[in-house]
Amino acid sequence: MHPTTTITLSALEAFPRQLQAHYAAIPVQFRHWVPPSWDGVPSEPLTAIEQLCHVRDIEIEGYQRRLHRTLSEDRPLLASIDTERLARERRYGEADAAQMLAEFGRARAQTVALIKSLEPRQLDRPAVFEGYGPLTLRSLVHYLCSHDQQHLAGLQWLLGKIEALRAGV
């Protein structure tokens, strides 16, 4: 496997534990908290519990579907997902965090197993990703890792806002 893919694969495998740890760092009374402004948020503007739901849904309905389509179709157009619509329809704010983390962990294990099973020629398969443009399956793996990092940053951003609120500033 390509060296950058190996590094990225390690990050993808570590992410479920990191996500759980970052979520656990959010004080319980703030897990549904909405800041007065989302200015500067490095992820989608989602509460801590909503971040978990989003990551799970994007893993299953976004990246897993995109990976499979890139493997089976000739240069597919991979759609973006409307996060706000999903959050409303699926009532992200009412979700059970332990369930979301468990479901995400299982889905991520499936994603990693799929990626590990791929041959180099499969990683070079092309697609077009809405909002990103032309890419390869290998590119998609890197974008998944980037998405993970955005959500760790989003949880850290929420922690920063929470600490400022607690300090009265």
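Here, each number is a calculation from the coordinates, and none is a lab measurement. Because the structure is a prediction, the values reported are computed rather than measured. Cβ atoms come from the backbone with ideal geometry, glycine included; neighbour counts cover every protein chain shown.
Per-structure values
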| read-out | value |
| --- | --- |
| R0 of 41 Å, Cβ-Cβ distance Glu119-His32: FRET efficiency to nearest 0.05 | 0.40 |
| In nm, spacing of pseudo-spin labels at Gln18 and Gln156 (7 Å Cα→C-beta vector) | 0.9 nm |
| For segment 30-43, Karplus couplings with θ = phi - 60° (6.51, -1.76, 1.60), whole Hz, Gly/Pro x | 10, 6, 10, 5, 10, x, x, 9, 9, 3, x, 5, x, 10 |
| Stretchable slack from Ala167 to Arg90, in nm (0.36 nm times residue separation minus alpha-carbon distance) | 24.3 nm |
| Paramagnetic label zone (point 7 Å from Cα along Cα-to-C-beta, Gln110; backbone N under 17 Å) in segment 1-45 | 13, 16 |
| Inter-site label distance for Thr6 and Ala102 at 7 Å from Cα along Cβ, in nm | 3.6 nm |
| Top of Leu67, Leu155, Leu118 by mean-square fluctuation, Gaussian network on the chain, Cα under 10 Å | Leu118 |
| Surrounding net charge for Glu73, when Lys and Arg each add one and Asp and Glu each subtract one, Cβ distance under 13 Å | +4 |
| Around Leu118: net Lys/Arg minus Asp/Glu count, Cβ-Cβ under 12 Å | +2 |
| Sum of -39500 (n - 2.57) over DSSP H runs of 4+, divided by residues of the chain (222 nm, nearest 500) | -20000 deg cm²/dmol |
